[in-house]
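Step one of this worksheet: look at the structure below.
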Amino acid sequence: MSARPTRATADVPRLEDKTIQPIPADERHGKARDLFTIWFGSNIMIMTIVTGGLATTVFGLSFVPAIVGIIIGNLVGGIFMALHSAQGPQLGVAQMIQTRGQFGSYGALLIVGIVVIMYVGFFAANLVFGGEALAAVSPGISVDGGIIVIGVVSVVATIFGYRLIHAYARFLSIVAGLALVLAFVWILAVHGLPASFLTQGNFNWVGFMATISVSALWQLAYAPYVSDYSRYMPQGTGSAPAFWASYSGCVLGTLFPMVLGALVGTLAMTLITDGSAVEIVGSLSALLGPWTMVVIGIFCLGVAASNAMNLYCGVLCSLTIGQTFKPAWLPRAKTRTITAILLFTLALLISLFARDNFIFFYTNFLSFLMYVLVPWTAINLVDYYLLRHGDYRVEDFFKRDGGVYGRFNWIAIGAYVAGALIQVPFSATAMFTGPVAAAMNGVDLSWIVGLVVVAPLYYVAARVFRKTPDGVAVPFQSPAFATDLVEAPQT
């Protein structure tokens, strides 16, 4: 057996040769603290700031309720994101490969396909917001040019893979963190706040719940990512350290940029007298004065890092779809490169053709993700922590017939469909408002209802009937609840 890599060699951002195959024990490396930096550094970027700005612009909230909504959403949503992250060191496979353990080898294709759409959508959104920001601080670069520059950097990082992305995020944790502090200090202490700052906007339940939902979704949307960036961790990393490192990194890395966005949105709204829309990136640039190029430029580096993560995970999901139909195929770096270029091209076309009305696209895209991700995350977490306690046959994930998990797990699929449908009456978007949401004057509680319904529904249904590791159908017998966020046995 080859020697386990040292910290120094593990940090070298060399070309990754693995894609969706299990990570052998002798190639595991890293510490739980690496999960803090990858989620902290990669979230300090333009799109996080724009998302926070929705609270005080699109949703019309005043600053204080906007901040409360942002805090609640991130603290709650981060729990689910971090619980998924803790699965990576135990199983050593990408998150969407592990989904076969709940939905079956073919049943998982529904979820994986939706997640690929999510990655491409986020990639396109990041390209637009990053391209606009880069053009704002670089007079010689157009928005389209900025989109292409950020996209190319993201593709290069994806080609090199896991180690380079982690190293990039460690760098950003320091540099982007300092830029964020500088932005707050300059706006608050140098630019200052007008006397009407706290009276701008108002409190309304629709906007408040929308702010909580968008903030929670930001965290929930990482659920399909997180094991991809913890699967190289040693199995002895521990679920609790992985959970808290991921939770603190992602919540803090998201919370402060969103607060900055809400702050910028409020300041911009105090200057609007003609009813025109607020442009968060342009308003931030105006507020930063002489520091605009430095701060916005660094935040654009964060866009490239986040997009590398989107593209990398999108590639893994696309390869997962292909491997479902050809089980012996375990693609390597060359296939990752080709797939990354294809997905980048698709996202680039979307961003170039849709950028003129992108904020409308983005807000509705977030609503779509809410409805499709919430049922999946409930099923995955219930299955992993409450039913199987992390005890999966990883080798069966790569079999055409799904091994002991089968081709289709109709219990999981049925719970997923029920979870998507139950949200419809409670949803409120620009395109559709359900009857319950309409009765509550547009307050959207769909994602909360989805979690509350799907988790117990799947738990009860799976306990009534499931297959044992030997493939024999028997009533489910759950082992005693484990501690330390369920430290699972060896797989």
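Just so you know, all these numbers are worked out from the coordinates, no wet-lab data involved. This structure is a prediction, so every number in the text was calculated from the model and none was measured. For neighbour counting, all protein chains shown are included, and Cβ atoms are generated from backbone atoms with ideal geometry for every residue, glycine included.
Close Lys pairs in the chain (alpha-carbon distance under 22 Å; sequence gap of 8 or more, or different chains): 7. For the listed peptides 160-170, 332-342, a ranking on the average number of other beta carbons within 10 Å per residue, highest first, reads 160-170, 332-342.
Please label the shape of region 134-244 as rounded, prolate or oblate, based on the square roots a ≥ b ≥ c of the eigenvalues of the alpha-carbon gyration tensor (a/c under 1.5 means rounded; beyond that, a/b larger than b/c means prolate, else oblate). Oblate is the answer for region 134-244, as a/c is 1.5 or above yet b/c matches or exceeds a/b. Here the 3J(HN,Hα) profile of region 392-408, calculated from phi with Karplus coefficients 6.51, -1.76 and 1.60 at θ = phi - 60°, is 10, 8, 4, 4, 6, 4, 9, 9, 4, 8, x, x, 6, 8, x, 6, 9 Hz, Gly and Pro shown as x.
If contacts are Cα pairs under 8 angstrom and at least 6 residues apart, what is the relative contact order of region 319-465 in percent? Please report the intermediate quantities before stating the final value.
Values: 120 pairs, mean separation 38.1, N = 147.
Relative contact order here is 26 percent.
Counting each DSSP H run of 4 or more residues in the chain as -39500 (n - 2.57), what helix-only mean residue ellipticity at 222 nm follows after dividing by all residues, to the nearest 500 deg cm²/dmol? Walk me through the numbers before you get to the answer.
Working: 19 runs with 307 residues, N = 491.
One gets -21000 deg cm²/dmol as the mean residue ellipticity at 222 nm.
Multiplying the residue separation of Ala25 and Leu271 by 0.36 nm and removing their Cα-Cα distance gives an extension gain of 82.8 nm.
Give the label of the value calculated from the structure for Rg and Dmax of the Cα atoms in Å, choosing from (1) 21.3, 60; (2) 22.1, 70; (3) 23.7, 97. So the structure-derived entry is (2).
Using only alpha carbon pairs under 8 Å that are at least six residues apart, calculate the relative contact order of the chain and give it in whole percent.
Values: 905 pairs, mean separation 141.4, N = 491.
Dividing the mean separation by the residue count of the chain yields 29 percent.
Listing Lys399, Lys18 from fewest to most neighbouring C-beta atoms within 10 Å gives Lys399, Lys18. Cβ crowding within 10 Å ranks Ser138, Ser351, Ser246, Ser283 as Ser138, Ser283, Ser351, Ser246, fewest other Cβ atoms first. If you average the C-alpha positions of region 263-329 and of region 81-96 separately, how far apart do those two centres end up, in angstrom? That distance is 25 Å. Here, P(r) means the percent of Cα pairs in each 5 Å bin from 0 to the largest distance; for region 25-133 it is 2, 8, 13, 17, 19, 17, 13, 7, 3, 1, 0.
Name the helices (complete DSSP H segments) of the chain with a Cα length along the long axis of 18 Å or more and a Kyte-Doolittle mean of at least 0.0, or state none.
Values: long enough: 63-85 (32 Å, 1.87); 108-137 (43 Å, 2.17); 143-160 (26 Å, 2.31); 162-185 (34 Å, 1.63); 205-220 (22 Å, 1.30); 239-271 (48 Å, 1.36); 292-325 (50 Å, 1.49); 333-354 (31 Å, 1.69); 358-381 (33 Å, 1.50); 410-423 (20 Å, 1.59); 446-464 (27 Å, 1.68).
The qualifying helices are 63-85, 108-137, 143-160, 162-185, 205-220, 239-271, 292-325, 333-354, 358-381, 410-423, 446-464.
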